[in-house]
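The values are calculated or read from the model by the stated rules, or taken from the named source; none is laboratory data. Predicted, not measured: the structure shown is a model, and the values here were computed from it. When we count neighbours, we look across all protein chains shown, and the Cβ atoms used for this are built from the backbone with ideal geometry, even at glycine. These area figures cover heavy atoms from the full protein model, side chains too; ligands, DNA and RNA do not enter into them. Shrake-Rupley method; radii C 1.70, N 1.55, O 1.52, S 1.80 Å.
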Amino acid sequence: MRLRTTALTAGASALLLLTGCGAADMTKQASPFANAQGARTVTLSVQSWVGAQANVAVAQYLLEHELGYRVDTVQVDEVPAWDALSQGRVDAILEDWGHPDQEARYVDDKKTIAHGGDLGVTGHIGWFVPTYFAKEHPDVTDWKNLNKYASQFRTAESGGKGQLMDGSPSYVTNDKALVQNLKLDYQVVFAGSEAAQITQMRQFAKEKKPFLTYWYAPQWLFEKVPMTEVKLPAYKDGCDAEPDKVACGYPHTPLQKYLNADFSKDGGKAAAFLKRFKWTTEDQNEVSLMIADQKLTPEAAAKKWVDSHASTWKAWLS
């Protein structure tokens, strides 16, 4: 769904810097340890949203502390991450929200990427308003009534129209096409990142102001800022096939893992572990909340979760 452009490496590994947004070519700039023959090192792609960071934090902790691997992480936008995975610059993507073009190219055609199985979490993108506003104006939850409320969602950035707040332009989004094709009096305004979007939503909520936002589940913020989904036209297979003509909502997507094909075959215990890594929305939100709201480091959050969920993760090791 969504991945910023600064790369991180874990432990004692060097920091790598990646530039650009959706068009960044990081296949030439990645950990030198990725896919190295005989090395007990695994390189994981970590997307910028906190749920994906929670996946990687727990996987990294267990790979290091239970299986004895060194783990490097690289943060990169979604589509370039597929390029990097195909090239063997990273070994695994643990949360993908659906990229059919990349899957057809690299999994089906080139066979340089292999399916890693379900993450166990179902993702859903939608439009949301704060529940306090929906209770006062119940009809706002039908997209057909959104124009009625456009003036209440207006901001300085939305140019006289209602604001539909999005996160990063690199996220999976059909919102500009939806606004145009549904003839809505709204302007899509990008906050720039998940963190910036959360900051804005929490400020709006603190002041009890109305807002309309692109958002997604699973997401820990729902526990802090209750939100109600706006019903868009129902999603049907193929309704989003032509990006400029999209006039339907978003699907519910079982989130997937992908591994570099060579790593999938020859990655030993690490590859086997990542294929078995599967947890629930509740598990992911628990770790996400510790990282984003309680301000624990990813490693500390992972340790806290691992210490209390042995019955879950031990199955991933066997």
Accessible-area value, Phe222, 1.4 Å probe, nucleic acids and ligands omitted, Å²: 50 Å²
Selection from Gly116, Tyr149, Gly88, by position along the positive dipole direction of the stretch 74-150 (Cβ): Tyr149
Sum of -39500 (n - 2.57) over DSSP H runs of 4+, divided by residues of the chain (222 nm, nearest 500): -9000 deg cm²/dmol
Stretch gain in nm, segment Arg202-His252, where the contour uses 0.36 nm per residue and the Cα spacing is subtracted: 15.5 nm
Coil-residue trypsin sites (Lys or Arg not before Pro) of the stretch 172-211, DSSP, other Cβ within 10 Å capped at 14: Lys183, Lys208
Most to least accessible of His99, His137, His65 (protein chains only, probe 1.4 Å): His65, His137, His99
Long-range amide H partners of Tyr69 with built H, under 5 Å: Glu64
Set of lysines near Lys295 by C-alpha distance (under 18 Å), chain-local residues within fewer than 8 positions excluded: Lys224, Lys303, Lys304
Ranked order, Leu232, Leu317 - accessible area, probe 1.4 Å, largest first: Leu317, Leu232
Exposure of Asp139 as accessible area (Å², to 10), given a probe of 1.4 Å and all protein chains: 50 Å²
Debye, to nearest 20: dipole size of the stretch 164-269, +1 on Lys, Arg Cβ, -1 on Asp, Glu Cβ: 360 debye
Accessible surface, per residue, of the stretch 93-136 when the full set of protein chains is kept, probe 1.4 Å, Å²: 42 Å²
Proximal lysines to Lys183, defined as alpha-carbon separation beneath 27 angstrom and excluding residues fewer than eight positions away on the same chain: Lys135, Lys144, Lys148, Lys161, Lys209, Lys231, Lys236, Lys245
The chain: radius of gyration over Cα atoms, expressed as a fraction of 2.2 N^0.38 Å: 1.02
At most 12 other Cβ within 10 Å, DSSP loop - GluC sites (Glu not before Pro), the stretch 183-256: Glu207
Sequence of Lys275, Lys304 when ordered by accessible area, the most exposed leading, probe 1.4 angstrom: Lys304, Lys275
Where labels lie 7 Å past Cα in the beta-carbon direction, separation of Asp139 and Thr312 in nm: 4.3 nm
